[in-house]
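Report on one structure; see the data block that follows.
The values are calculated or read from the model by the stated rules, or taken from the named source; none is laboratory data. Just so you know, these numbers come straight off a predicted model, no measurement behind them. Counting neighbours? That spans all protein chains shown, and the Cβs are built from the backbone with ideal geometry, glycine included.
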Amino acid sequence: MTNNDLRVHDSVRSRLAAGNCVASIVDCIRKMRAEGLAANEIAGLFRHAADKLDAATKDNEVEPAA
């Protein structure tokens with residue numbers, strides 16, 4: 001990953017943290033762990049959701065993030 005990529009990722013993380021998005025994601029992960037899901041299963045679910053969002057964005061079903 002280039003330095004520019006790292007800066008972009010840090011910027012995105014900062015914006016998400018400021019909007020309390022991280023807190024809701026952590027809460028979701030805690031609930032999944034309480035239900036007995038393993039870390040790799042949780043990661044797989046998030047990857048699947050990201051793929052769905054990516055496909056919807058490419059199909060213009062969802063507005064891309066600014």
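Side notes on the structure shown:
- For segment 25-48, a tally of residues being surrounded by fewer than 11 Cβ atoms within 10 Å (Cβ to Cβ) and under 11 Å from the mean Cα position of the chain (by Cα) returns 3.
- Enumeration of residues in segment 33-66 that are farther than 22 Å from residue 19 by Cα, modelled with pLDDT under 90 and of a type in the set (S, T, N, Q): 60
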